[in-house]
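The values are calculated or read from the model by the stated rules, or taken from the named source; none is laboratory data. Everything numeric in this text was worked out from a predicted model, so none of it was measured. A quick note on method: Cβ atoms are made from the backbone with ideal geometry, for glycine too, and the neighbour counts reach across all protein chains shown.
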Amino acid sequence: MYEKTTKINNSTGLHARPASNFVRETAKYKSKITISNMESGKSCNAKSMVMVLTLGLANGVGVKISAAGEDEQEAVDSLVALIDSGCGE
C-alpha cells in the first residue's frame, strides 16, 4: 500500500465538477484507491463519484489518498498532483 496526504485547495471544495475530474482520473488505474477526509476520519472508494461527494471535502480539508495494487504509486502521485492543481478548475 502506498499513500500520501494533501489539502483541498479549491475555493468551493471538491464539488461535482472537480470530483468528476478526480474520479475520471482514478479510472485510469487498476489499483484499489481510497480517499479519506482527515478531519472526519471517513474514507471511501475513490472510484465512486457518489461516495467521494459524501465525504464533504471543503476548502482546506486534509485528505489522504491510498492505493493498493500494481500501479499504486503512480495512481497516488497522479491523484495528489491533480488535487494540488485544483482538479481542473
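Going through segment 11-33 one residue at a time, which ones are closer than 13 Å to LEU82 by Cβ and surrounded by 15 or more Cβ atoms within 10 Å (Cβ to Cβ)?
Within segment 11-33, LEU14, PRO18, ALA19, SER20, ASN21, PHE22, VAL23, GLU25, THR26, TYR29, ILE33 qualify.
Return the residues of segment 16-59 that are under 23 Å from ASP71 (Cβ atoms) and without any contact (Cβ under 8 Å) to a residue 24 or more places away in the chain; say none if nothing qualifies.
ARG24, ALA27, SER43, CYS44, ASN45, MET51
Considering only residues that are of a type outside the set (A, V, I, L, M) and touching a Ser or Thr at 6+ places or on another chain (Cβ under 8 Å), look in segment 1-17 and name the one that is farthest from GLU72 (Cα to Cα).
So the residue we want is GLU3.
Given the condition free of Cβ contacts under 8 Å to residues at least 60 places away in the same chain, not in a loop (DSSP other than H, G, I, E, B) and not acidic (Asp, Glu), answer yes or no: does some residue in segment 8-15 qualify?
No, that holds for no residue.
Considering each of SER36, SER48 in turn, give the residue that is modelled with pLDDT of 95 or more, crowded, with 17+ Cβ neighbours inside 10 Å and among the small types (Gly, Ala, Ser).
Answer to the selection: SER36.
Have a look at VAL63, VAL52, VAL76 and point out the one that is among the hydrophobic types (A, V, I, L, M, F, W, C) and either under 14 Å from ASN9 (Cβ atoms) or in a loop (DSSP other than H, G, I, E, B) (or both).
Being among the hydrophobic types (A, V, I, L, M, F, W, C) and either under 14 Å from ASN9 (Cβ atoms) or in a loop (DSSP other than H, G, I, E, B) (or both) holds for just one of VAL63, VAL52, VAL76, which is VAL63.
What's the number of the only condition in (1) touching a Ser or Thr at 6+ places or on another chain (Cβ under 9 Å); (2) over 17 Å from CYS87 (Cα atoms); (3) not small (Gly, Ala, Ser) that VAL61 fails to meet?
Just one mismatch for VAL61, condition (2).
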